[in-house]
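Derivation of every value follows stated rules applied to the coordinates shown; laboratory data play no part. All values reported here derive from a predicted model rather than from experimental measurement. Because the Cβ atoms are built from the backbone with ideal geometry, glycine has one as well, and the counts that use them run over all protein chains shown.
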Amino acid sequence: MLEKHEIKEWFRHTYITCLEEQAQRRSEAKKKSYKAAAASTSTPSPPPPHQIPPPIRSSPLLHRLRRPPPASDPLLLGVSILGRVSVSWGRRRSGHREGIKKLRIAVGQRDASALTTAHFMGEEAPEFRVESVALESKDCLQNAIDIGDKTYVISRSDDPKSSITIKILDKLTRTWVVPTVLGAPPNPTSSHSVVLVNNEKILIIEKGVPLKDSIWFLEVDTPFVKQQSKIKGTVVVAWSKGVIGEGQKPVVISGPSGVGKGTLIAKLMKEYPSKFGFSVSHTTRAPREKEIDGVHYHFTERSKIEEEISEGKFLEFAHVHGNVYGTSIEAVESVTDEGKRCILDIDVQGARSVRASSLEAIFIFVCPPSFEELEKRLRARGTETEEQIQKRLRNARAELDQSNSPGLFDHLLVNDDLEACYENLKKLLSLYDDHEDSNDSFIKDGKETACYSILSKTNSEILLQSETNEAEKGTTNLLSLDLSSLSGGAPGRTRGLKISPVN
Ligand SMILES: Nc1nc2c(ncn2[C@@H]2O[C@H](COP(=O)(O)OP(=O)(O)O)[C@@H](O)[C@H]2O)c(=O)[nH]1
Ligand SMILES: Nc1ncnc2c1ncn2[C@@H]1O[C@H](COP(=O)(O)OP(=O)(O)O)[C@@H](O)[C@H]1O
């Protein structure tokens, strides 16, 4: 009896070999047509019809699966393949349909062929083509998604504690690449369902977690991924969690040391503890007397923060007053995930980086009434040595100069009288719409685990079907996931998802 993992291995091997063969056939066909074009002396004309390679639409996969698996004993087992299937009927292709289908491969006796049939709309399909393949069994899931010349293989190991791994097959060079994976991947679950959104990203629906935590994007060719690929000189892919609705824009507060940023933020958090959350930065500077690790900052070593920055875990970082400071993606998104509005206290360089990132935020610069007053407050705070105060004052001049950089800050607040400044800050923040996306609220707060798989997809809408009887729980069996107004994305969250029940 073959073990399940051997079957999986065999299937993966046959599927990948099919892909490789397709790639080779394509490249040979291309070469032929180039040769034909080079041979023609007069003005180039399209190749005669017999030189145009036939489209590869019939079923190399089906063909391949008729090969016996590498068994030494009789074996078993039904294995499901979930794939986008294109089906044609009859010799003249009188019918043609496309859709996501589950196919069943029943593997027979040792020297019997693997039997594969595709049923579509109740009919057995004589030909079919599979674009995305998932091999599902009780303890493993593996998906292959084709994008251009590459096949992305997304695997979940049998160990429920280990997370998803990504491998890429370059079909032209026929080599495997293990990419650098940026961002936090989904938490381990037992299975998922996958579909290609567009050539830039793949959508993954995790099963067995609350619906609001189940939507993930694997970015494979977005501007962020391209930029990181260039920087790192490796193939890069990046995770981004999908957020239902827009959420509220985070607030970036900058200003020179001693101007009163921390004081203003502390007042806001005290008055509205359930509305605002503080983005706890990482820093290499030493803690001050009353500062608590994990509350005011994550105090860290330089080598550690540098390593994490290179792993893509930071939204921004900067060298400030001789130390490294940085905002991790987690710091911002854990606040957003709690449904709170995130406040970032970062320097002007950091504000610039956030402006350039995919995080849409409101940028506020806090100015002192005068330079003398700033120096007075810094000294009165009594947390720095004289040398450190001098350094902060030098940097303050540069920061004040940059506060007027066009397009950087949305608002300037002068912190003269503390109470007056705080009132102005509150006015500023309430200027922005606080509304929730009401049609998503039935899902947003849900803590119930869900098991949805992808049923169909158009350019902007994906239908999800429940695998359990959601009707019993008072929820819905069929959901529409509207992708038409996505924003953000890696290294942070992908926002703007809309979910509604389908009657
Ligand atoms: N770029 C960036 N700057 C930060 C971050 N956290 C704090 N800062 C800035 O670093 C500077 C020094 O902060 P800190 O050492 O707490 O001194 P303080 O501003 O005088 O209280 C301030 O301008 C902060 O806004 C961060 O995560 N990223
Ligand atoms: N409007 C204000 N008037 C007088 N003192 C202030 C005012 N705002 C803040 N302070 C004081 O100035 C010092 C620096 O403020 P802090 O919030 O630590 O600044 P920052 O976080 O910008 O470095 C603190 O001792 C604080 O109590």
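In plain terms, the chain from Ile309 to Glu372 could stretch by 19.0 nm, reckoned as 0.36 nm per residue minus the Cα-Cα distance.
Charge tally for Phe217 (other residues, Cβ to Cβ under 10 Å; Lys, Arg +1; Asp, Glu -1): +1. Annotation: the residues Leu172, Leu400, Leu464, sorted from fewest to most other C-beta atoms within 10 Å of their own C-beta, follow the order Leu172, Leu400, Leu464. Panel order for Ile231, Ile454, by other beta carbons found within 10 Å of each beta carbon, from fewest to most: Ile231, Ile454.
Quick one: grab the alpha carbon gyration tensor of region 203-276, order the square roots of its eigenvalues as a ≥ b ≥ c, and give me rounded if a/c is under 1.5, else prolate or oblate depending on whether a/b is larger than b/c. Here region 203-276 falls in the oblate category.
A Förster radius of 41 Å combined with the Cβ-Cβ distance from Ser500 to Asp149 puts the calculated FRET efficiency at roughly 0.65.
Stretched out straight at 0.36 nm per residue, the stretch from Phe299 to Arg285 would grow longer than its current Cα-Cα span by 4.3 nm. Using a simple spin-label model with pseudo-atoms 7 Å out from Cα toward Cβ, Lys32 and Ser484 lie 4.4 nm apart. With the simple model of a label 7 Å out from the Cα in the direction of the Cβ, Asn424 to Arg397 spans 2.5 nm.
Cross-link pairs exceeding 28 Å between alpha carbons, from the set Lys230/Lys340; Lys212/Lys426; Lys32/Lys201; Lys201/Lys232: Lys230/Lys340; Lys212/Lys426; Lys32/Lys201.
Computed from phi, the 3J(HN,Hα) profile of region 166-183 under the Karplus parametrisation 6.51, -1.76, 1.60 (θ = phi - 60°) reads 10, 10, 10, 9, 7, 6, 7, 8, 6, 10, 8, 10, 9, x, 6, 9, 9, x Hz, with x in place of Gly and Pro.
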